[in-house]
Each structure stands twice: as structure tokens, then as C-alpha cells.
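Down below is the structure, laid out as C-alpha cells.
The values are calculated or read from the model by the stated rules, or taken from the named source; none is laboratory data. Note that the coordinates shown come from a computational prediction; the quantities given were computed from them, not determined experimentally. Because the Cβ atoms are built from the backbone with ideal geometry, glycine has one as well, and the counts that use them run over all protein chains shown. To get the accessible areas, we keep the full protein, side chains included, count just its heavy atoms, and leave off ligands, DNA and RNA. Shrake-Rupley method; radii C 1.70, N 1.55, O 1.52, S 1.80 Å.
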Amino acid sequence: MTAAQATAPATAQAATRQATPRRTAWGVVRSVLYAVGLPLVLLAAWWVATADSESPFNPPLSEILATFGPTWFSGDSFADTRFVQDVLPSLGRLLVGYAIALVLGIGLGVLIGAVRPLRELAEPVLEFFRAIPPPVMVPVLMLFLGVGTSMRVFVIATGALWPILLNTVEGVRGLDPVLKDTARAFRFGRWGRVRRLMLPGASPQIVTGARQALSIAIILMVISEMFAARDGLGFSVVQFQRSFAVPEMWSGVIMLGLLGVLLSFVFRVATAAVLAWYHGYLRSQRGGA
Amino acid sequence: MLDVRALNKVYAGRGDPVEAIADLSFQVSDGELVCVVGPSGAGKTTLLRCLAGLLPATSGDVALAGEPVTGPPQGMAVVLQEYGRSLFPWMTVAQNVELPLKEKGVARGERSRLVGEALEAVGLADVGRSYPWQLSGGMQQRVAIARAAAYEPQVLLMDEPFAAVDAQTRFELEDLVRALWKGLGVTVVFVTHDIDEAIYLGERVLVLSARPTVLLEDVRVDLGAERDQLETRGAPEFARLRTHVYELVQQAKLGVRSLADARLTHAG
Amino acid sequence: MLDVRALNKVYAGRGDPVEAIADLSFQVSDGELVCVVGPSGAGKTTLLRCLAGLLPATSGDVALAGEPVTGPPQGMAVVLQEYGRSLFPWMTVAQNVELPLKEKGVARGERSRLVGEALEAVGLADVGRSYPWQLSGGMQQRVAIARAAAYEPQVLLMDEPFAAVDAQTRFELEDLVRALWKGLGVTVVFVTHDIDEAIYLGERVLVLSARPTVLLEDVRVDLGAERDQLETRGAPEFARLRTHVYELVQQAKLGVRSLADARLTHAG
Amino acid sequence: MSEGVAGVVEPAPPNAPGGYAARGRRPLAHRAVWLGTAGVVALLVVLQVVPSTGLVNPDYLPPTTEILAALADRVQTPEFWVALGDTLLTWVTGLAISVVAGVVLGVVIGMVPFLREATASTIEFLRPVPSVALIPIAVLLWGTGMQATLLLVVYASFWQVLVQVLAGVQDVDPVASDTARSYRFSVLARVRTLVWPTALPYVMTGLRLGAAVALILTVTGEMLIGTPGIGKLLAVARESGAVPSMYALVVVTGLLGVAVNLLARALEHRALFWHPSVRGEVAA
Amino acid sequence: ACSGGSSGEPEPGASGDGGLTPVTVGVIPIVDVAPIYLGVQEGFFEDEGLDVTLELAQGGAAIVPAVVSGEYQFGFSNVTSLLLGSQQGLPLKVVAPGNLTTGESGKDFAAVVALPDSGIGSAADLAGKTVAVNTLNNIGDTTVRKVVDDAGGDASAVEFVEMGFPDMPAAVESGQVDAAWILEPHLTRALQSGAEPVAWNFAETDPNLLIAAYFTSQQQVSEDPETVDAFTAALEQSLTYAEEHPDETRAVLDSYTEIDPAVKDAMVMPRFTAELDEAQLQLLADLGLEYGMFDEPVDVSALMP
Ligand SMILES: Nc1ncnc2c1ncn2[C@@H]1O[C@H](COP(=O)(O)OP(=O)(O)OP(=O)(O)O)[C@@H](O)[C@H]1O
Ligand SMILES: Nc1ncnc2c1ncn2[C@@H]1O[C@H](COP(=O)(O)OP(=O)(O)OP(=O)(O)O)[C@@H](O)[C@H]1O
Ligand SMILES: [Mg+2]
Ligand SMILES: [Mg+2]
């Protein structure tokens, strides 16, 4: 393709040609093994530890797993199952709230990180709100937002905001000064600085924050469904808990965990492109291969 | 015209304040090529950053075309000493070179022409699609040079831009800078450690004292407008200037702070 | 003895694989000082990192004293090309220099003596308590050199260690390396772009071709054990070697990949 | 030698004009206090005004003055201070456990590629499990004392720290890392001199995230489980419909959050003086 | 009522040296538990040889596991929750009644309220409306359903949402819900801010409806029956005393709640009695079965002492 490529002798190309497919095939197997290895071990440990548990709040894993299917996937039709009735609406609110948190967190984070007076002005107030427990906040929110979806989305968005915001702020503050100077010297416009310097430069940290926020969003989804709710995964879990349906409650916890794994997988795929340079950069200097 | 008057710069961060530049005054006319030499740690980079509007002076003024420089002025390009860190690692080489052009508002077609030419000129036509961290140090430095060249600035500030390249490439890049300078009529301030280079390139060479910096001598280089790596470097005047500047830097390093105190082996 | 055999290195990261080193074999005897030159992007840094055990070879072997190098071997010190990033910003200059000594297990008193001497030797005795980011580029580079010197290694690998310092300081540092080498009997591999420097310093100069790298010529430098900046550089043999190496690098840059193909203006 | 603490005045250079002093550090520190206070005051004013506009019924969201009056009553009761002490104790203990465990495990897992890959899916599974769902288990295992709440606190805040530390460990500069390797630093030395300082900014963020989460869970746990503390008072006030009194306690919680942040910032200023994020702001 | 011990002489043998047996009781900071506070204050428990610690928690999520695990010896919970737990196999035992409806429509401590202009005039109008209850599938929605049905409305058309009692007055006033089933003291708060009662679901379900009860665990009963008996005896005494001394009962609220004095004086107190009537438990169990809370009949006797 390029001139440099053309001069590379056959040996190198042959070496890589055979190395690449083998590595990817093995790579897939390997990552699957990695992904399921420890969970299997832990499940086995849980299984053994609770095999003959008498405690009503800590039922045998076998029982929990046995209730998992019926709890979430039984109904007259698929549309009638708890999965569709409860999990999907929750997921919808979760995604909307999370998306809002992303936009707000990154937007405010860049602003606050880049404009020091703004940070000084806003930080105490933000920290104040950050420390207030959602169970106390939600009733206040209900005054303004009612008890519908918007309130729940708001709870998710405001809770998931913080890790993104904080990480964006720190990422922007921690940008390499030489890069900042370069952008200044070439008189990047305000928007150019944001788009071409701050966002990509802080992206490793923003992604870290977004990862954190994802699990927090799930947790807040549950909390938001503890108030004035009629459906939802969190609502179901809380209902099970209140009616002492312990295996069902555990199956809900497992469902939450699975949701977390699924979302984080999607997240990883989605951010792979954004952070390709970063991983490439780190890898290229660690062993060069 | 670039006008530096009674420039003073003190770094007052952690620890004791460090006075990098004591008092500097000089002028660079439009379209002039001035080289700056001085011992390591003299304050050359500090000076360049003040000229670029990247660093506020502690006192004194820097003015470009009569306007005081408070931030990076229009139409200026800089090659920073920390070339490796001045490239955006999330962009390919070509994107790095193209970016300032985008910000400048150059049209797409023109942009890709400029990028292509600049990369070609620094000998990196074939790595446009690599990332900076996949390049050797010298190649990274050349990308930074290409970026500045493609920008077609009116003022070009370069801080030891050829430190990481081999001798042969260096010669070529020197000629590139001279061609650029002549072709576009750019005002160039060029910091270097290589005294030969300073004389070969510059119309004037500013010799700085050690920190806190004052101007030791403003050496005029009369080697004509047309220069050639073999001929110019072989000229007797070149040799004389070289010895002179070399001795000045040597004296500067020893702490001499004015031309009068310098003990030179020849008549200045 | 440092033994490099059929070394081959392909970077296979993002994008197309890049073959940096095609096939290199050479030896460096104990206590020898070998310089490496070659065009920018040739693979000098890659070679040095392979020697240092920082980068695994794609094929071929590197052995030190008979032992294959799989990780950084005992008693080795490296000065990396990216000197700025090789210093820890959270430590003062003195702490940076002292740290490897601590790790080596040198006693406190001895440590501070070594640190003091090394900083003195590179002309930075007075900035021990500053942080690296408060120093100029050349000063940072000298800190990295001081760190390696204080370590008193048996093998010293340096990658363009004087690129950022002024000519005068460069001469002093060159003499420092030679003194270190003679005093401690260190084996030194020294990468540089400055051909004069390579010849002045080295007992041999390895000239590399452009990427993918092969050895163009292993030039023996017969300038005696005692060298002097003025005398040695004035010697006719020095001038001859310099022209020769210079032409070789020039040819290498043009793509010549074996001595037989090189068109030199004189008999090799 | 002066440490990088805000407020240390640099000796002015002999010929310093006014412009120089204006960039000194003390005015900046002053400005931070001034602006921060302004922000809080603005918030209080908004909260004072909103209920009186009829947007909400002041019975349910009382104006600032009423909340502050209730707070003033509160702070005169010894019960409040005991509760505050309890909350602080639970919070600090939980946070300390999370931070220590998060940092130690984060560094170990982050530095060993095998562990990083092997634990990734499990971490993703466990992180989104809400602490509140664990309340019955916590009570069953640990009772209703501080320990049960601690379990919730640690479970929630541990992940915050861990994920940050993992990212921080990954962020080590390859050149610095090569330097450490080439001088054959032992694993411990590499952790101490390279990995830890690099991860420190991330740890600080983790600390700030974790501190808020820990505080939230402390108060929530106290509310729901009945562990002694501010949260328990809050629950009582809430169940009694004592609205201003409840908000007074909410304010106390928020203020604790602000206090942690101030503390974290001060710590950061000290520990991260070398980092571009901090040094960029103190240097001229 | 199985208390055979005569009050006055310390019974439990756990501490022979005349010391008191420590007992922890998990309660909720609401009006309903006033008698036990009063009893402790009056020394009834000390008389029975018990040193009672009252632990406040917000609800069953913490109290039930704490009693099951033995950390608390006793707890307070609404009857429906106990039925639910018992049905799920939790080893729970009721030891004494907690509180009862006053049985008077118009003067009970629980009601469904709505705004005057909401178009809801009676229980039957609740069909098709949103009604807030503190917990779904519990005593609130079942009894509301019952009164809606009794009034000729369609109970299945009522939409229930969950909300804490403290938040209900605001939600009703702002129209976020059409109506709310609400307990004292929040009922009085709601009425004071203009809401009107539309149904008295407790009183109208049954004039003697048992709302909540004190309970313990099966282990406690089998391992230390003396303490259980002593506790029951003291509690019965407290309940009777509370019913006979309404002013003192109202006054004791100050010791563990922060109810506004104006509200406190205006609100209706529940009825207290020492009589534990299995039929009342059965009633709630049947209602639960009827409205789909339970899949199969609950064995109420398993809960009974
Ligand atoms: N951020 C800073 N804080 C404190 N002192 C600084 C800072 N930056 C530079 N200095 C000091 O200012 C002096 C001049 O530095 P400068 O970088 O301008 O030197 P230079 O002439 O470019 O040197 P070199 O040729 O080595 O690059 C040095 O002594 C350096 O220690
Ligand atoms: N991480 C990497 N990934 C891909 N290619 C790389 C990587 N590092 C270096 N290369 C390529 O390998 C070749 C040799 O690089 P190296 O850094 O060894 O050159 P060098 O001789 O040190 O050059 P210089 O004198 O400019 O420092 C270059 O063409 C470069 O593009
Ligand atoms: Mg410099
Ligand atoms: Mg190199």
C-alpha cells in the first residue's frame, strides 16, 4: 500500500499473516474463558456454601436459579412476562437517564474543568447536592416532577452524572500542558479546543467515569422505583423483598447483575473506537506488539 | 515587526521564584530570520513562549506589528521543544498536520494539498496514516515541523526543531526553512543549540547569556541571501562567525553577562 | 560481551505491521564504547530497547555475557530518547537521580555522594531540589544522564542523550561519558545523530541503513584512547572518518542497504 | 521549604509590578472561597424564593430561613451531636475500608494482566447490585448496628474506588514505566514510586466519588435499618411529618459532603502539586 | 391471650440474681407503637423482669430479618406483612396485638383522602383513579379494594402507586395522585391542607380490624418461652393502659417522634387492646387471598402463639 510497506520483506508479512488469524481465534476463546472463569468459580462456591442453607433469607442457590426462569420469563405470552413488563421499561428509563447524564456530565465537566472561576463557583453547591441521599431527594423531586417517568429518569440522570462530571473535570484539568499550549498557539477556537483537545484528551478519564456511572445508573434505577412506582425491575425486587419472597428477590439481584454485565459489554464495544488510540498508544510502548 | 522591550520573566511556582529572563530588548523586522542561541537553561524557550503569547511576561512588553501580544497572535505557528508531547496522540499524523488548517478555516481540498506537501517536504509522505506514537523521535519532530509549515504562518517560532534528526535530514530541513522563509516572507525566530545551524540559517544570531538572561550580542550574519550547505559552510566568514558565536556561548556559560566582559580570542 | 544475532523486530500493533529491524548481527566486547548512527527512523531506538530488554525481539537473539536478554539485565542503565517523560514528575531532581540507587541498595551516605557528584558533573548541582517540570529541556536531559551516571552501571545504553543541550555542554558531557567509560570500564552503546560526536566518542561506529534496518558498516575508529575536543577533532583521520560516515548515512537515507551499493566519493 | 499549600505567598520579585501580585496564589485562594460562598448563597436564595412563589407549597419544601431555624434548634440538642458523631464514625470507617481495599486490590488487579482480565466480568456483575437490596442480608448477617450499615457503605463505595484505581494503574506513562523497568525496580518499588503517583489523581477522584456514596449509604442505612445516626433522626422527622426539621438534617448531610470535598481538594493540593492539573494553576 | 403469670413477681429465670433480662424490640417511629413506649415508661416491662430496648427502624426490611436472626427478640409489623412472611416460611409468631381501627367511619387514624374538586366523593369513585399507598400488595391496597367493592365500585380498576406516607399530602395537593390512603399524623396534615376523606378503609372493612401486631420468632418461643410470656404480659398491660389513658398515650409520642403539637392534638389515635383475635388475622388472610396477594390460603394458626 504505502512505499514503506512495499519495501518490507516477505518474512515480516508472512509472519504477521499467519499470526493474526491464529491470534484472533484463540483470542475469542481466551476472552470467553476469562469472562466466565471466575463467575463459575464463585457460583460454585455460592452453590456449595448454601447447598443446605436453612436460613430463609439466604436460600440455596439451586432454589434461586430454579425461580429465575419462572419469575422473569413466565407469562401467557412473552409480552406478558415480567421481563417485558418490568425489565424493559426499567431499561428504557435507565438508558434515557444515562444518556442525559452523559451529555450533562461531559458538557458541564468540560466547562467546569476549563473555566476555573466557574469551578470555584459551582463546586460547593454541586458537592452539596452530591451528598444528599436519593431516598431523601426523591420526595422533593416528586414535588417538581411528579411521580411519572420523568422523575425516575431525573433521579437516574442526576445520580449517574457525578462520576462522569468529576472524571471529565479532572481529565480536562490534567491535560498535558504542552498539548494545551499547542492548541492555544494555533488559536483553536473555543469549540475546536473542546472538540479536538479536551474531549479526546480527557477521553480515557471520561470513559472511566462513564463506566462508573453505568452501574450507578442501574442502582438508581432501583432506588427510583422504590417510590411511587407501578412497574420496573427495581420495583419487582423491592416488592419481593417486602413480601419475603427471598429466592425471587435474589433472582432479581442476579438479573441486575446480568444487566450490568450486558450493559458493560455493550459499553466496552461502544467505547472501543473512542479509546482505540489510547490502548494502541499504551500497548505500542509496552512490548511493541 | 516583532518588538521586545525590557522583557522580564520570573517563574513563581513551587519553591523559590526563578528569574529566567532578566532584561531583554530586541526587534525582529517583518520577514527577517533570526536565530537564538545560548547555553542550556538560558531562557530561550521562555523567551519563545513569551513571544508566542503562551506565557505572560512578568514585566516588559512584547508587541507584534504594533499590537501588544497577550495571547497567541493571528497567523503564527510554533514548533515547541517538546515535539513528542505537542502531537495529538489520538490523531494520525496527517490529521495532526491538518488540524490547525481546519481551525484556520482552510477549505478541504486545499487542506489535503497542504498536508501532502508538508509531509512530503519533511520526508514523511508515507506515514500519514500512522499515529504519532508509532513514529521514531525524529519522525515526530518532523511531523511538528510539517504542521507548522503547512500552516503557512506569517510568524514562525521554532524551538530546537531539528534536535532529534540525523545530520543529512537536518540539512534538508534547514533548506526547507529557508525556502519557506523566502517563499512566504515569514518572520522566523529560530532557537537552536547548533551554532553552525544558527549561522547558516539566520540573518542575525541573538546570543543569550546564562540565566537570568540578558542579550550578550546581536550578531549580524552577512552571508548573502542565497545559501548553500557546501559553499556557505565553507566560506571564511562562516568560520569566523562560528568561532565568534561559539566563544560567546562558551563565555555565557561561564557566567559572562555582557559583551564587554567576554574574553574572546579575536576582535569581535 | 553483548551479542546481537540475526535480530529482527516487527511492530505489529494497530495498522499494518512495521518492520523496524530487518536483520542485525554484531558484538560489543566488554568495556567497549560503540556508537550507532543512522537516518532518522532507521531503528536505532528500537535496537537500543531490544538491547535493554525493554522490547522483545520478533526473532533473533540478544545475549549479554552469554545470558539471553529477556528483561533489563542487572547492572545496566539506560538514557531514553524521551528524556522528559522518563523523569518522575512527582520527585525532585535529586530524588529522581537517587531512586535507582535506592533500588540497587546503595547505602544512604554513599547515595547522596553519588547523587551530588553526578549532578555536579552535568552542571546541575544547584537544582537538586527543583522538580523536573521546572527545568528546561536540556536540563531535564542532563538529569537523565546524571541518573545513569550515578548508577555506575556495567552496561550503559544512551539514546541521543545530548540532543537538547548546547554545543559547549555537549562537549563537556562527551568527555564525561568517556571519563565514566574509562574509569568504570563500562560497556557503552551510544546512539547519536551527530556524526562528529559518534567518531569522537566511539571506538567503533555502527552505521545503520534506513528501515527495515540492516548494518551498513561497522566502522573502526582509530583515534587512540586519549581524546581531546580540539586535537582529536582536528586530526586528519577524524576528518576522513567523518566524511566517510557522513556519506554512508547519506546513502542510507537514500535507501542503500549494503556497503557494496553505496556510492562513496572515496575508497571505503 | 514552602509546600504547595494554597495561601503561601511567594516573595515578590524586586521589580514586580501589580500584574505579578495579581497572579500570586493568595488572591486565587481568596477568590475560590469568595466564589464558592457566592454559589452557596445563590442556592440558598433560590431555595428561599421558590417556596414563596407558589411553585411548591412551603409546607412541603420550606424556605431556607425556616430550615435554618430548625437547624439552629437541632444543633442545641446533645442528641444531634451524638447522632452526628455516629454518622461520622460509620462513614469514615466505611470509607477507610473501601479506600484501602479499593486501592490495594485495584493496584494488584491492575498490575497483573491475568487478574485484570479474569476479574473484569465479575466486577461488572457485582457493581450494579444496589446496596439497598442487600439490606435484609446485611441485617441477617450483621444485625442492625453499625456493622450492617457498614456493609452497605463498603459495598457501595468500594467499587467507586476500585474502578478509578484500575483506570489509574493503566494510565502509567510507558516511558516512565520503561525507565523503572530498565533500572530493575522491584515490584514494590514500582508500585510505590511509579504506579501510585500516577494513579493518585484517579484515586482522589475515586475518593471523592466514594466519599459521597459512602455518606449517602450511611444515611440511607441509618434511615432504613435504624442504625444510630443522622439518618435515623431523619427517618423520625420524616415519619412525623416534621418537614423543616427533616430538611435541616438534609442540609447537614449536604454540608458534610461539601466538607469532604474541601478536605479532598486540600489533600489533592498537597499530594498532587506536581500534577499538571494542580501545578498548571499555581505556576505563573 | 396465654399470659398465665401474675404481674408483680419477676418471672424469667434467665438471670437469677434479680437482674433484668435484656430484650430488644424493633419498632417503627409511628403513632401505632405508642403503647410500648408508654409501657416502658410506666415500668410494666421492668416489673416483668425485662430490660427493654426499643430500636427504631423504618420497616420490615430490617425488623423481620433482625427478629428472625435473633438480634431482636421482638418486632412490630402490620399483620399483612406477617402473613406474607409466614406464608413464605419465615418462623414468625404473633405475641400481642399492636393496634386496631377505631371502627368509626369519620374518626379513624387511616383514610383515603382526595382533593375536594377531584370528583371523588365516595369509595366507589376511586375506580379508575390513582391511589397512593405506602406499600403495594399489603394491608392498604387490600382494604381499599375491599371498601371500593363494598361501595359498588370496580376495585380492579383502582390504580395503586407506592409512596411514603410523609410524601402523600404533597402528592395529593399537587395532583400527582388522585387520592391517597394515608395514616396519622400525615392524615391530619393532609386534611389541614385541604384534602377531604373519601373512605375509611380500615373502619369500613371491619370495625375491629387488627392492623398491626408484635411478633417474635419460633426459636425465641421454643428457646426462651419465659421471656416471651413476660413480654406478652407486660405488653398486654401496656396496651390496656394505653387504651385507658389516651392523654398519656398522646403525650408519649413526644419521646420518640417529632410530630408538630398542632397536628398531634388534632389527630385520631388508633384503638389499643390486649385481646388477640385470631379471626381478625383470618379476615386479612382471606382478603389477601381474594385480592390476589396470596396464591393459596394462609395458615393463620401458624402465626398464632
Ligand atoms: N515552570 C518553571 N518553573 C520554574 N522554573 C522554570 C520553569 N520553566 C523553566 N524554568 C527555569 O527557567 C530557566 C530557563 O528555562 P528555559 O526552558 O527557557 O531554558 P532554555 O534556554 O530553553 O534551555 P534549553 O536549551 O535547555 O532548552 C531554567 O533555568 C529553568 O530552570
Ligand atoms: N510503537 C511502534 N509501532 C509501530 N511502528 C513503530 C513503533 N515504534 C517505532 N516504529 C517504527 O519503527 C521505525 C524505527 O523507529 P525507531 O524509533 O527505532 O527509529 P530511530 O532510529 O530511533 O529514529 P530517530 O533517530 O528518529 O529517533 C520507525 O519507522 C517507526 O515508525
Ligand atoms: Mg528550551
Ligand atoms: Mg530514536
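Overview of results
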quantity: Pair list, Cβ < 6 Å and 6+ apart or interchain, from region C:122-143 residues that are within 16 Å of residue B:45 (Cβ to Cβ) to residues that are within 16 Å of ligand 4 (Cβ to nearest atom) and part of a helix (DSSP H, G or I); calculated: C:140/C:83; C:140/C:84; C:141/C:83
quantity: Test: residue in region B:194-205 that is touching a Ser or Thr at 6+ places or on another chain (Cβ under 7 Å) and either open to solvent by 30 Å² or more (accessible area, probe 1.4 Å) or closer than 12 Å to residue B:36 by Cα (or both); calculated: yes
quantity: Members of region A:243-286 that are more than 8 Å from every other protein chain (Cβ to nearest Cβ), open to solvent by less than 50 Å² (accessible area, probe 1.4 Å) and among the β-branched types (Val, Ile, Thr); calculated: A:254, A:271
quantity: Search result, residues across region E:268-305 that are open to solvent by 60 Å² or more (accessible area, probe 1.4 Å), outside any helix (DSSP H, G or I) and under 30 Å from residue E:39 (Cα atoms); calculated: E:271, E:275, E:277, E:305
quantity: Flag for residue E:138 being open to solvent by 20 Å² or more (accessible area, probe 1.4 Å) and closer than 23 Å to residue E:282 by Cβ; calculated: no
quantity: Matching residues, region E:91-114, being farther than 12 Å from residue E:269 by Cβ and either within 14 Å of another protein chain (Cβ to nearest Cβ) or buried (at least 20 other Cβ atoms within 10 Å of the Cβ) (or both); calculated: E:91, E:92, E:93, E:94, E:95, E:96, E:97, E:98, E:111, E:112, E:113, E:114
quantity: From the options B:102, B:9, B:44, residue that is more than 16 Å from ligand 2 (Cβ to nearest atom) and within 30 Å of residue B:126 (Cα to Cα); calculated: B:102
quantity: Residue pairs meeting the criteria (Cβ under 6 Å; at least 6 apart or on separate chains; first assigned by TED's automatic domain parsing to the domain that holds residue B:220, in region B:243-264; second open to solvent by 40 Å² or more (accessible area, probe 1.4 Å)); calculated: B:247/B:264
quantity: Residue check, residue A:269 free of Cβ contacts under 8 Å to residues at least 40 places away in the same chain and either in a helix (DSSP H, G or I) or out of contact with any strand residue (DSSP E or B) (no Cβ under 8 Å at 6 or more places or on another chain) (or both); calculated: yes
quantity: Qualifying residue in region B:67-89 (condition: within 30 Å of residue A:280 (Cβ to Cβ), part of a helix (DSSP H, G or I), facing another protein chain (nearest Cβ under 8 Å) and not polar (S, T, N, Q)); calculated: yes
quantity: Matching residues in region C:227-261 - criterion: being acidic (Asp, Glu) and more than 10 Å from chain B (Cβ to nearest Cβ); calculated: C:228, C:231, C:237, C:261
quantity: Qualifying position, being in a helix (DSSP H, G or I) and either in contact (Cβ under 8 Å) with a residue 12 or more places away in the chain or touching a His at 6+ places or on another chain (Cβ under 7 Å) (or both), among E:242, E:251; calculated: E:242
quantity: Members of region D:70-89 that are surrounded by fewer than 18 Cβ atoms within 10 Å (Cβ to Cβ) and within 14 Å of chain E (Cβ to nearest Cβ); calculated: D:73, D:77, D:79
quantity: Selection from region D:221-233 of residues that are more than 21 Å from the chain's Cα centre (by Cα) and under 16 Å from residue D:251 (Cα atoms); calculated: D:232, D:233
quantity: Count - residues of region D:247-270 that are more than 10 Å from chain A (Cβ to nearest Cβ) and either modelled with pLDDT under 80 or open to solvent by 40 Å² or more (accessible area, probe 1.4 Å) (or both); calculated: 5
quantity: Matching residues, region A:188-234, being assigned to a loop (DSSP other than H, G, I, E, B) and either touching a strand residue (DSSP E or B) at 6+ places or on another chain (Cβ under 6 Å) or more than 22 Å from residue A:109 (Cβ to Cβ) (or both); calculated: A:225, A:226, A:227, A:228, A:229, A:230, A:231, A:232
quantity: Qualifying residue in region A:176-192 (condition: under 26 Å from residue D:164 (Cβ atoms), crowded, with 24+ Cβ neighbours inside 10 Å and facing chain D (nearest Cβ under 7 Å)); calculated: no
quantity: Selected residue (only one of B:37, B:18 is open to solvent by 10 Å² or more (accessible area, probe 1.4 Å), touching a strand residue (DSSP E or B) at 6+ places or on another chain (Cβ under 8 Å), of a type outside the set (D, E, K, R) and facing chain C (nearest Cβ under 9 Å)); calculated: B:18
quantity: Subset of region B:40-56 [without any contact (Cβ under 8 Å) to a residue 60 or more places away in the chain and open to solvent by 30 Å² or more (accessible area, probe 1.4 Å)]; calculated: B:49, B:56
quantity: Verdict on residue C:113 being away from ligand 1 (no atom under 14 Å from the Cβ), at pLDDT 90 or above and not hydroxyl-bearing (Ser, Thr, Tyr); calculated: yes
quantity: Residues (among the charged types (D, E, K, R) and either surrounded by 24 or more Cβ atoms within 10 Å (Cβ to Cβ) or assigned to a loop (DSSP other than H, G, I, E, B) (or both)) located in region E:29-72; calculated: E:48, E:71
quantity: Test result for residue C:162, away from chain B (no Cβ under 14 Å), crowded, with 21+ Cβ neighbours inside 10 Å, within 16 Å of ligand 2 (Cβ to nearest atom) and within 29 Å of residue C:252 (Cβ to Cβ); calculated: no
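The rows are residues; the columns are (1) free of Cβ contacts under 8 Å to residues at least 12 places away in the same chain; (2) closer than 28 Å to residue D:214 by Cα; (3) aliphatic (A, V, I, L, M).
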{"position": "A:67", "(1), (2), (3)": "no, no, no"}
{"position": "A:97", "(1), (2), (3)": "no, yes, no"}
{"position": "A:104", "(1), (2), (3)": "no, yes, yes"}
{"position": "A:119", "(1), (2), (3)": "no, yes, no"}
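Conditions (1) under 22 Å from residue A:239 (Cβ atoms); (2) open to solvent by 20 Å² or more (accessible area, probe 1.4 Å); (3) more than 7 Å from chain A (Cβ to nearest Cβ), marked per residue:
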site	(1), (2), (3)
D:117	no, yes, no
D:135	yes, no, yes
D:140	yes, yes, no
D:147	no, yes, yes
D:158	no, yes, yes
D:162	no, no, yes
D:165	no, no, yes
